[in-house]
Amino acid sequence: MSDTSMLIVCANCCTKNRLASVKLNDKPVCGKCGKAVLSTKPIVGSDSNFSRFITDNGLPVVVDFWASWCGPCKQFAPTFEQVAGKLSAKACFLKLDTEHNQHTAGSYNIRSIPTLMIFHHGKEIARISGALPPVQFEQWLAENLPAV
């Protein structure tokens, strides 16, 4: 990692925090709310906070577009959560319920679920549809997550 700093959106209060890249593994806390900036669990995305996370984050953001009625989405949820815990210093993991956040889902043309997307600096850099087995999900991330 480099000695550069980056803005990270707090997983709890959505405040932007400037952090040194080399400190991401040190469990940094938010300057406003005092809680962990990086979440080891997926963040609940919404129409109101989605843009903040994908445009204001120095880390790449991995998004799981899902719905509560979707069987494959429910099957994939533990995999997404487990990988989010392992890679919390390399990416922000966010889940967006497409039924309750139709504006955001529609603006990204989500046609099938689950759909996984990676954003970096506000731009979509990768997309795949379908529930992936853990090894395949981690391989997809390894191939598509930019280095930070």
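For S5, the test of being in contact with a Leu (Cβ under 8 Å, 6 or more places away or on another chain) and farther than 28 Å from P134 by Cα is passed. Taking the listed residues C33, C10, C73, the one that is more than 17 Å from P146 (Cβ to Cβ) and in contact with a Pro (Cβ under 9 Å, 6 or more places away or on another chain) is C73, with no other qualifying. Would you say T40 is open to solvent by 60 Å² or more (accessible area, probe 1.4 Å), in contact (Cβ under 8 Å) with a residue 40 or more places away in the chain and either at negative phi or over 16 Å from the mean Cα position of the chain (by Cα) (or both)? Spelling it out, T40 is indeed open to solvent by 60 Å² or more (accessible area, probe 1.4 Å), in contact (Cβ under 8 Å) with a residue 40 or more places away in the chain and either at negative phi or over 16 Å from the mean Cα position of the chain (by Cα) (or both). Among all residues of the range 70-85, there is at least one that is polar (S, T, N, Q), at pLDDT 95 or above and crowded, with 18+ Cβ neighbours inside 10 Å. Checking each residue in the range 110-121 for being touching a helix residue (DSSP H, G or I) at 6+ places or on another chain (Cβ under 6 Å) and open to solvent by 30 Å² or more (accessible area, probe 1.4 Å) picks out only I113.
The values are calculated or read from the model by the stated rules, or taken from the named source; none is laboratory data. As the structure is a computational prediction, the values presented were derived from the model and not from experiment. Virtual Cβ from ideal backbone geometry, glycine too; neighbours counted across all protein chains shown. Heads up: the accessible areas ignore ligands, DNA and RNA and are worked out on the full protein's heavy atoms, side chains in. Shrake-Rupley method; radii C 1.70, N 1.55, O 1.52, S 1.80 Å.
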